[in-house]
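Visitor: Here you go, one structure.
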Amino acid sequence: MKTMNIASIAFAFSVTTALAEGNIPQQNNDWFKAGEAEIQSKIAQQPITKPAKNIILLIADGNGVGTNYATRIFAGQQNGLYGDENVLPQEAFPNLGLVKTYNVNAQTPDSAGTGTAIHSGVKTKAGVLGVDETLNRGDCSQVEAAKVATIAEVLSDQGKSVGIISTARLTHATPASAYAHSADRDFENNSDLPEGCETPDIAVQLIDQMKSGVVDLALGGGRSQFLPKSAVDEEGKNGKRTDDRNLIDEATKSGVSYVGSGPAFSELDLKSDNPILGLFGSSHMQYEYDRTDEPSLAEMVKASITALQDNESGYFLTVEAGRVDHANHDGNAYRALTDGVAFAEAIAMADKLTSDQDTLIIVTADHGHTISFNGYCGRGTPIHGLCMGVDNDGVKHTDQIQTMNDGKPYSVIGYMNGPGSILKEDQNWEGFRPDLTQAQALDPDFIQQALLPRDSETHSGEDVAVYARGPWAHLLNGTVEQSYIFNVMNYAANAK
Ligand SMILES: [Zn+2]
């Protein structure tokens, strides 16, 4: 620029003058026009500062920004798009923040510590539920002293109805963090408790919370945690309890309406005043891809809103898409993404059935995974398949499978560790990469390639997103501690 001559100065001046007058050459470009429209829509947005009569919290376990990105593309491709241009329901919400997910003693968090942060507003140790960090994992004697109140207990005390939904076992870490106080997430039934532990197991705590009126509705898996070993459930599986208690019988005797797998769910009387317990699997509910004879997450959300919405004081509903996490642990992107789409459908259902004038909807994840994305892939490359090249002369990919330096193709999605490791035990832990075909990679059972060998892929400690709409949703922005989500729910419910 030091040697800029008179002619180029004159050229730069004329362009600058034209630009200053608003004559920019791309002003009729669709991207530019969409950006202008977005500015107007953001200017028109007004924060909603009424009290939140209802709060719906939707957590997809393990659905970090990476898995959310892949779900966006996967859902779009299922609808015939390239994928990237797709917008998930939560991505249309006006407010977004990033959430720091660590536990007080873990850079990489677990779902008990993160669930407690979200539901109770305190960060705590990995593996514990509804207690603060003074408790050492597994020490039942500290539970009473370390107990904190969950948002379900707080809002129930204020007269709101409470619903809990999970596609995992209802006694699993994330749903349990909404109602239980336990020294260890693994104390799901009495046989898991250490000798001398006087804190009830997690299944008993759920039934106690239903009997005492804190929890009005609970839908999910985990039936065997509620049944004695002598009992056989509708899947032919034995219960796990060794104290001879049949908690389902106990619940129904105290006036809880119980529903199991099969058509009974659609016939359930949602308008009765009885609390509702639905247990749809001996253990976790099925993955969406494998689902038969069980309600979808969206169907459970719809039923719950129908059942809870008659309370004039409103309701709190916490919803977990629990199995996005499990499929990621298995390195199986297809099931993670189909469960991610089912989660998106549940969000759309909650959004459709409620008004942003009285219902705060918060969508987040408890933690991320080691999922990552290879390049350079052209538009429309199947997100769960092999990477195909960028077409310099067009938009859609070249149909040419891309290779790395070893001459072998690779999937778009990979994990830093997991069962799909390229280091194989039968190869003396040396690297081995097969010559994959696109058809193999697109099989729903395909295990994505991973770097390091581990039976179960791990969580990661990176931030997750929080999306929100409704009263006080604008308080969820910036980079926040996970425990802050509780504060926002508590504030929104009590705003004058
Ligand atoms: Zn997990």
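Visitor: Taking neighbour counts of Cβ atoms within 10 Å as a proxy for exposure, in what order, fewest first, do Ile383, Ile24 appear?
Guide: Working: Ile383 24, Ile24 13.
Least to most surrounded, the residues fall as Ile24, Ile383.
Visitor: Sort largest first and round to whole Å: the equivalent ellipsoid semi-axes of the chain, each the square root of five times a Cα gyration tensor eigenvalue. Numbers along the way, then the final one.
Guide: Working: eigenvalues 364, 176, 91 Å².
After diagonalising the Cα gyration tensor, the semi-axes are 43, 30, 21 Å.
Visitor: Now, a different point. About its Cα centre, how strong a charge dipole does segment 371-457 have in debye, to the nearest 20, once Lys and Arg get +1 and Asp and Glu get -1 at the Cβ? It would help to have the intermediate numbers written out before the result.
Guide: Numbers: 6 positive and 12 negative charges, 48 e Å.
Rounded to the nearest 20 debye, it is 240 debye.
Visitor: Now for a separate question. Quickly estimate the mean residue ellipticity at 222 nm for the chain, helices only: each DSSP H run with n ≥ 4 gives -39500 (n - 2.57), and the total goes over all residues, rounded to 500. Intermediate values should be presented prior to the final figure.
Guide: Working: 14 runs with 142 residues, N = 496.
After summing the helix terms and dividing by residue count, I get -8500 deg cm²/dmol.
Visitor: For helix 333-353, report the angle its Cα long axis makes with the longest principal axis of the Cα atoms of the chain; keep it between 0 and 90° and round to the nearest 10°.
Guide: 80
Visitor: I need Glu234, Glu430 ordered by Cβ neighbour count within 10 Å, fewest first. Display every interim value, and only then the final one.
Guide: Values: Glu234 14, Glu430 10.
In increasing order of surrounding Cβ atoms, one gets Glu430, Glu234.
Visitor: Which of Glu288, Glu133 comes first, and how do the rest follow, when ranked by fewest Cβ neighbours within 10 Å?
Guide: Ascending Cβ contact count within 10 Å gives the list Glu133, Glu288.
Visitor: Tell me, how many Å apart are the Cα centres for segment 333-391 and for segment 270-300?
Guide: 22
Visitor: Rounded to the nearest 10 degrees, what's the angle between the helix 30-44 long axis and the longest principal axis of the chain, both from Cα atoms, 0 to 90?
Guide: For 30-44 against the chain, the angle is about 50 degrees.
Visitor: What share of Cα pairs, in percent, lie more than 23 angstrom apart in segment 371-457?
Guide: On the way: 817 of 3741 pairs.
When every Cα pair of segment 371-457 is considered, 22 percent fall beyond 23 Å.
Visitor: Under 14 Å from the Cβ of Ser111, count the other residues' Cβ atoms, weight Lys and Arg +1, Asp and Glu -1, and hand me the total.
Guide: Overall, the nearby charge balance is -2.
Visitor: Please report the spacing between the Cα centers of segment 440-474 and segment 151-196 in Å, no decimals.
Guide: 24
Visitor: What is the helix-to-structure angle for 297-308, meaning the angle in degrees between its Cα long axis and the longest Cα principal axis of the chain, kept from 0 to 90 and rounded to the nearest 10?
Guide: 60
Visitor: Ok, one more. Quick one: of the DSSP bridges fully inside segment 371-457, what percent are antiparallel, nearest 5?
Guide: Bridges in segment 371-457 that DSSP calls antiparallel: roughly 60 percent.
Visitor: Where the only charges are on Cβ atoms (+1 Lys, Arg; -1 Asp, Glu), what is the dipole of the chain about its Cα centre, to the nearest 20 debye?
Guide: Dipole magnitude for the chain comes out near 1140 debye.
Visitor: Still on this structure, please answer the following. What is the projected area of the convex hull of the Cα atoms of segment 91-167, averaged over all directions, in nm²?
Guide: About 7.1 nm², averaged over all directions.
Visitor: To the nearest 0.05, what FRET efficiency results for Val148 and Val395 with a Förster distance of 51 Å applied to their C-beta separation? Before the final figure, lay out each step's value.
Guide: On the way: r = 52 Å, r/R0 = 1.03.
Plugging the Cβ-Cβ distance into 1/(1 + (r/R0)^6) gives 0.45.
Visitor: Any idea which of Asn136, Val104, Gly22 is furthest toward the positive side of the dipole for the chain, if Lys and Arg beta-carbons carry +1 and Asp and Glu beta-carbons -1?
Guide: Value: Gly22.
Visitor: When Lys and Arg each count +1 and Asp and Glu each count -1, what net charge do the other residues less than 11 Å away from Glu133, Cβ to Cβ, add up to? Provide the component values of the computation, followed by the final result.
Guide: Values: positive: Lys123, Lys125, Arg137; negative: Asp132.
Computed value for this residue: +2.
Visitor: A further question on this structure: Between Asp249 and Ala18, how many nm apart are label points set 7 Å from Cα along the C-beta direction?
Guide: Reported label-point gap for Asp249 and Ala18 is 8.6 nm.
Visitor: What's the local net charge at Gly83, with K and R +1, D and E -1, over the other residues with C-beta under 12 Å away?
Guide: +1
Each reported figure results from applying straightforward, stated rules to the coordinates on display, with no laboratory input. Just so it is clear, the structure is predicted and the values come from calculations on it, not from any experiment. All Cβ positions, even for glycine, are placed from backbone atoms using ideal geometry, and neighbour counts span all protein chains on display.
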